[in-house]
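Okay, so here's the structure we're looking at.
The values are calculated or read from the model by the stated rules, or taken from the named source; none is laboratory data. Please read these numbers as outputs of a predicted model, since none were measured by experiment. Cβ placement follows ideal geometry from the backbone for every residue including glycine, while neighbour counts extend to all protein chains displayed. Side chains are part of the model used for accessible areas, which takes the heavy atoms of the whole protein and leaves out ligands, DNA and RNA. Shrake-Rupley method; radii C 1.70, N 1.55, O 1.52, S 1.80 Å.
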Amino acid sequence: REESFAVGALSRVVAAELASYASARNRRRAATNKASVIFVDRTLDLAGAVGHHGDNLAEKILSVLPKLPGHKTDVMVNMVELTALQTTDETCNIIAPGCLAQPNDPAAKALWESFMNLKQKEAVMEARRHLVEAASRENLPIKMSMGRVTPEQLSSYIQLFRNNLKALENHCGLLQLVLATVQTLKHPQTSKWDNFLAFERLLLQTIGESEMPSVLNQLLPMIKSYNERTKDDYACEDFLVLLIYIYSVVGEIKGGKELDIAEEKVKRALVKAICDEPEPSPLLQKITGCDSSLNLTSQKATDAVDGIFRSLRDIARVRLHMKQFHSIHNPGSNTHQASYKPLLKQVVEEVCNPDRPDPVDIEHISSGLTDLLKTGFSMFMKVNRPHPGDHPLLIIFMVGGVSVSEVKMVKDLVATRKPGTQVIVLSSVVLTPHSAVELLFASDRLQPDARI
């Protein structure tokens, strides 16, 4: 029997629907166990969806490897390395791809848990340990080496399984996860991950010290056309990730001529960069509505970029009505650097607060007459209003998607702040930086994807 709470406008609608849903009412009448369900709007904090702060291998694997066809979350793992096929072609599709979901392989499931819950360095060492154990069990000639784990070292261990069909069959699930690790560590997007993180940290300092126009002017020289870019420079969609991060963290922006001029310069640079792409990426194709550079006119690119900036202004305004969770930016001081304080973290800290103050922005959604009376009477007399920290089970539903590092953060926070509470994080989709860009700028909101 759940008590429903909501943070944000859309969450309030969803929670109210659940409260009045006939079968949910019947369940509540008969249920003996209790839970708190908190619905949280994703749009209140998009920095958590596009940021690179999580030192998490699972998040990187889901972000850089291509999606498994027909799946929302799982990715394709190139299996060529386990075959005798001699090819360096990345797009070679003769061999069926592997994937991350390995429900029938206990070792692979345990390794995936490690990828989700450990820091990247520890997770990679765990991958090596599982691989060495599997090779020893199959009596394969493995040379154990200590020290730093490299993708090359993992590859050399994987090669041992290649000509032994029995060993391949016994450990196929584990090998797919280790191959996913190798391919992620070698992926060019992974080396950009740290660049993103460094730039996001720099932005947090800049946002605290200067106005939005100067933040945008800092971004300007980094927008380069295809011919000017090196492999370390940001591509067009990488810039969209950074823009979402900036507008979401900044929150309320003072409008004015200076901001309009700064935005106009960034728009022009982006339109030029998009038009100069010899072959637009699938994401740019969806955003502009053009499937090749031949159809992509300057006008179409301008319309798309104008639409993006309208959405960005909306993103900046989304927390205006909040009193307690008004900001996700910690401006820092003489002794501390400015930092990002995730909205989800603020919500969980409020739920686990031992003083149990009345939550300001976590709104209780009443599910019947008793609840309404409680809320009404509490204005006149001492009635304990429901608190999200009342029950041994806490369910948090992120309406619009959640990232892997956010799930880990919630788990760790509840374990330290309120041990003994079971926490479940649910969402409509697992987000990566680029999938968040697509959902924001390239989705038809009146025709949502019902295959979730």
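Between residues in segment 157-176 that are basic (Lys, Arg) and residues that are assigned to a loop (DSSP other than H, G, I, E, B), which pairs lie under 9 Å by C-beta distance while being six or more apart or on different chains? Filtered contacts from segment 157-176: 162/83; 162/84; 166/138.
For segment 398-423, the set of residues classified as open to solvent by 60 Å² or more (accessible area, probe 1.4 Å), within 17 Å of residue 35 (Cβ to Cβ) and modelled with pLDDT of 90 or more consists of 411, 422, listed by residue number. Taking the criterion of being open to solvent by 60 Å² or more (accessible area, probe 1.4 Å) and either of a type in the set (Val, Ile, Thr) or under 12 Å from residue 228 (Cβ atoms) (or both), the residues of segment 265-280 that qualify are 272, 276.
Residues checked against (1) part of a loop (DSSP other than H, G, I, E, B); (2) farther than 26 Å from residue 408 by Cβ:
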position	(1), (2)
96	yes, yes
128	no, no
136	no, yes
139	yes, yes
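For segment 310-351, a tally of residues being open to solvent by less than 30 Å² (accessible area, probe 1.4 Å), assigned to a loop (DSSP other than H, G, I, E, B) and farther than 18 Å from residue 398 by Cα returns 1. Checked against (1) in a helix (DSSP H, G or I); (2) surrounded by fewer than 16 Cβ atoms within 10 Å (Cβ to Cβ); (3) not basic (Lys, Arg), residue 255 meets all criteria but (1). Based on this model, can you work out whether residue 117 counts as surrounded by fewer than 19 Cβ atoms within 10 Å (Cβ to Cβ) and more than 29 Å from residue 432 (Cβ to Cβ)? Against the criterion (surrounded by fewer than 19 Cβ atoms within 10 Å (Cβ to Cβ) and more than 29 Å from residue 432 (Cβ to Cβ)), residue 117 does not qualify. Only residues that are without any contact (Cβ under 8 Å) to a residue 60 or more places away in the chain and not acidic (Asp, Glu) were counted in segment 305-320, giving 3.
Conditions tested, residue by residue: (1) part of a helix (DSSP H, G or I); (2) basic (Lys, Arg); (3) open to solvent by less than 30 Å² (accessible area, probe 1.4 Å); (4) modelled with pLDDT under 85.
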{"residue": "197", "(1), (2), (3), (4)": "yes, no, no, no"}
{"residue": "200", "(1), (2), (3), (4)": "yes, no, yes, no"}
{"residue": "204", "(1), (2), (3), (4)": "yes, no, yes, no"}
{"residue": "208", "(1), (2), (3), (4)": "yes, no, no, yes"}
{"residue": "217", "(1), (2), (3), (4)": "yes, no, no, no"}
{"residue": "227", "(1), (2), (3), (4)": "yes, no, no, yes"}
{"residue": "231", "(1), (2), (3), (4)": "no, yes, no, yes"}
{"residue": "240", "(1), (2), (3), (4)": "yes, no, yes, no"}
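With respect to the conditions (1) hydrophobic (A, V, I, L, M, F, W, C); (2) closer than 15 Å to residue 249 by Cα; (3) open to solvent by 40 Å² or more (accessible area, probe 1.4 Å), residue 294 falls short on a single one, namely (2).
One residue alone among 251, 256 is without any contact (Cβ under 8 Å) to a residue 24 or more places away in the chain and on the phi > 0 side of the Ramachandran plot, and that residue is 256. Run down 63, 4, 36, 23 and say which single residue is more than 19 Å from the chain's Cα centre (by Cα), assigned to a helix (DSSP H, G or I) and of a type in the set (S, T, N, Q). On inspection, the qualifying residue turns out to be 23. Residue 145 fulfils the conditions (1) over 14 Å from residue 177 (Cα atoms); (2) touching a residue at least 40 places away in the same chain (Cβ under 8 Å); (3) over 31 Å from the mean Cα position of the chain (by Cα) except for a single criterion, (2). Among residues of segment 120-159 being exposed (fewer than 13 other Cβ atoms within 10 Å of the Cβ) and hydrophobic (A, V, I, L, M, F, W, C), the one that is farthest from residue 107 (Cα to Cα) is 146.
Considering segment 424-435, the residues that are open to solvent by 30 Å² or more (accessible area, probe 1.4 Å) and modelled with pLDDT of 90 or more include one that is nearest to the chain's Cα centre (by Cα), namely 430.
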